[in-house]
Amino acid sequence: MRRLASLLLFSILTATAACSQSPSPATPAQGTPRPNLYACEGCEAVYDHPEGDLDWQLTIPPEDEPGEVLVLTGRVFKPDETTPAPGVILYVHHTNAEGLYPQRGGEAGWGRRHGYLHGWLKTDAGGRYRITTIRPAPYPNASLPAHIHLYVGEPERRPYYIDDVVFEDDPWVTDRYRDAAENRGGSGIIALMLDDDDTWRGTHDIVLEW
Ligand SMILES: [Fe+2]
């Protein structure tokens, strides 16, 4: 029980840390970064990826991870919303099927803060990315939707976070949540479809901030 309590406390603390990014206006002026774009705790994780080339496709969970399979695909575009952005690193982390940032013990690096459900990818020549993972659950005893954290690392630019990916069918995606969204990188509210193979599929295109 004490271990469970400690785990819950850790998860809430890390959730708070992960979600404590500073608010900023929703619409940046064209050609300049929005205020506080780079005010971000933990965005340096973008460049702490394993050595070697990153692929545009990322599989996050181990094979035995409980949960429903989710495949998230999309393209990253430059601010004109039409030109693909190749070579952009995305750092991703999210909760497990119980709403926790899980650890197995002995985590190193960002696994200590974000749990083991995290990873990196780099968009291909067409700006494409693909993430295979499990559908996250909302934090226990909280009023936030289930979400996937995304951080962007453009070549020659400092990293920043964009809106969390959340799901339209989540009861915590309320009008209040929609109204408060910053729309960094575009809206993070996406529709999911459940395929015949019991896989949730969704698309999230990202527009770079400037
Ligand atoms: Fe979070």
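Taking 7 Å steps out from each Cα toward its Cβ at ASP55 and ALA125 produces label points 1.9 nm apart. Each of THR83, THR199 has some number of other Cβ atoms within 10 Å of its Cβ, and from fewest to most they run THR83, THR199. Rounded to the nearest 20, the size of the Cβ-charge dipole of region 86-194 about its Cα centre is 420 debye, with Lys and Arg at +1 and Asp and Glu at -1.
Over the chain, what relative contact order in percent results from Cα pairs under 8 Å that are six or more residues apart? Result for the chain is 26 percent.
Once the convex hull of all Cα atoms in region 80-210 is built, its volume per residue stands at 137 Å³. Between the residues LEU72, TYR177, ALA191, the greatest Cα displacement towards the positive end of the dipole of the chain, with unit charges on the Cβ of Lys, Arg, Asp and Glu, is found for TYR177.
Computed from Cα positions, the angle between helix 2-18 and the longest principal axis of the chain comes to roughly 10 degrees.
Values in this text are rule-based calculations from the coordinates and carry no lab data. Just so we're clear, the structure is a prediction, and the values are computed from it rather than from any experiment. Please note: Cβ atoms are built from the backbone with ideal geometry, for glycine as well, and neighbour counts cover all protein chains shown.
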